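**Q** Below you will find the structure I want to go over with you.
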Amino acid sequence: MGSPTRAALIGAAIAGGFGGLWAVWAASGLDGTAHGVLVALGIVLGLAVVVPAVVLARRAPSGDRGDGSLFTSRAYRVIVAAEVVAIVVGNVLLGRFGLGAFVIAWTAFVVGVHFLAFGRAFAQVFTTIGVFMIAGAGLGLIVGLVGLGDARILLVTGIVSAVVLLGAGARTVLAAHLVWP
């Protein structure tokens with residue numbers, strides 16, 4: 001993997017934050033103790049990635065080759081803008097057609113596609129993340145289509161998405177920690 005750059009560690013912090021939020025979203029399909037446990041787990045695991053990623057980013061090399069980080073590139077801005085529009089439009093349409101239970105699956109699908117685009121524009125590792133996010137969306141869709149209920153759509157899609165993003169962020173943090181103990 002090589003030494004993670006500052007941008008990679010910032011990306012890991014973003015992945016950790018969103019991974020934790022996906023777990024919290026997944027928990028909305030649960031009641032009682034299970035809900036509380038999954039929310040707490042999402043927050044703790046998210047912070048377990050975000051905090052060291054931010055700390056390590058402060059001492060990481062920038063990795064810039066004179067062309068700036070991916071966060072400042074035009075491709076990044078275009079991909080993220082298209083992602084946001086697709087999520088909003090798709091979620092509004094799903095709601096209008098009474099398919100609100102599939103909002104989480106649509107969102108995971110769009111996030112996955114955004115990572116596929118990142119894979120083409122920036123680094124192959126994003127492709128892997130995208131494939132797994134799309135798989136989680138597909139599982140959520142299948143759960144809904146076979147009639148297992150809205151709560152299970154939330155749970156399956158949210159947990160898969162959380163694991164993918166938390167795992168990706170943790171991988172980068174671990175690689176940086178091994179380089180700069």
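The values are calculated or read from the model by the stated rules, or taken from the named source; none is laboratory data. Computed from a predicted structure; not experimentally measured. Using ideal geometry, Cβ is built from the backbone for each residue, glycine included, and neighbour counts are taken over all protein chains shown.
**Q** Taking the criterion of being in contact with a Lys or Arg (Cβ under 7 Å, 6 or more places away or on another chain), at pLDDT 95 or above and buried (at least 19 other Cβ atoms within 10 Å of the Cβ), would at least one residue in the stretch 134-149 satisfy it?
**A** Scanning the stretch 134-149 turns up at least one residue that is in contact with a Lys or Arg (Cβ under 7 Å, 6 or more places away or on another chain), at pLDDT 95 or above and buried (at least 19 other Cβ atoms within 10 Å of the Cβ).
**Q** Could you list, in sequence order, all residues of the stretch 98-132 that are within 16 Å of PHE71 (Cα to Cα) and touching a Leu at 6+ places or on another chain (Cβ under 9 Å)?
**A** PHE118, ALA121, PHE122, ALA123, PHE126, listed by residue number.
**Q** Please name all residue pairs, on different chains or six or more residues apart, with Cβ atoms under 6 Å, provided the first residue is in the stretch 14-25 and is over 12 Å from ALA53 (Cβ atoms) and the second residue is crowded, with 24+ Cβ neighbours inside 10 Å and among the hydroxyl-bearing types (Ser, Thr, Tyr).
**A** TRP22/SER161
**Q** Sticking with this one: Quick check on the stretch 59-79. Is at least one of its residues touching a helix residue (DSSP H, G or I) at 6+ places or on another chain (Cβ under 6 Å), at pLDDT 95 or above, surrounded by fewer than 17 Cβ atoms within 10 Å (Cβ to Cβ) and over 30 Å from LEU178 (Cα atoms)?
**A** yes
**Q** Another question, then. For the stretch 13-31: of the residues being under 10 Å from the mean Cα position of the chain (by Cα) and small (Gly, Ala, Ser), which is surrounded by the most Cβ atoms within 10 Å (Cβ to Cβ)?
**A** Taking the stretch 13-31 and keeping what is under 10 Å from the mean Cα position of the chain (by Cα), we get 14-22.
Among the residues that remain, those that are also small (Gly, Ala, Ser) are: 15-17, 19-20.
Working: ALA15: 25, GLY16: 27, GLY17: 18, GLY19: 25, GLY20: 25.
Result: GLY16.
**Q** Then there's this: Which is exposed (fewer than 14 other Cβ atoms within 10 Å of the Cβ) and either charged (D, E, K, R) or part of a helix (DSSP H, G or I) (or both), of VAL85, VAL111, VAL131?
**A** Answer to the selection: VAL85.
**Q** Regarding ARG171, is this residue within 30 Å of SER3 (Cβ to Cβ), surrounded by 15 or more Cβ atoms within 10 Å (Cβ to Cβ), among the charged types (D, E, K, R) and touching a residue at least 60 places away in the same chain (Cβ under 8 Å)?
**A** yes
**Q** Please go through the stretch 114-127 and give me each residue that is in a helix (DSSP H, G or I) and in contact (Cβ under 8 Å) with a residue 12 or more places away in the chain, ordered by number.
**A** Answer for the stretch 114-127, where residues must be in a helix (DSSP H, G or I) and in contact (Cβ under 8 Å) with a residue 12 or more places away in the chain: HIS114, PHE115, LEU116, ALA117, PHE118, ALA121, VAL125, THR127.
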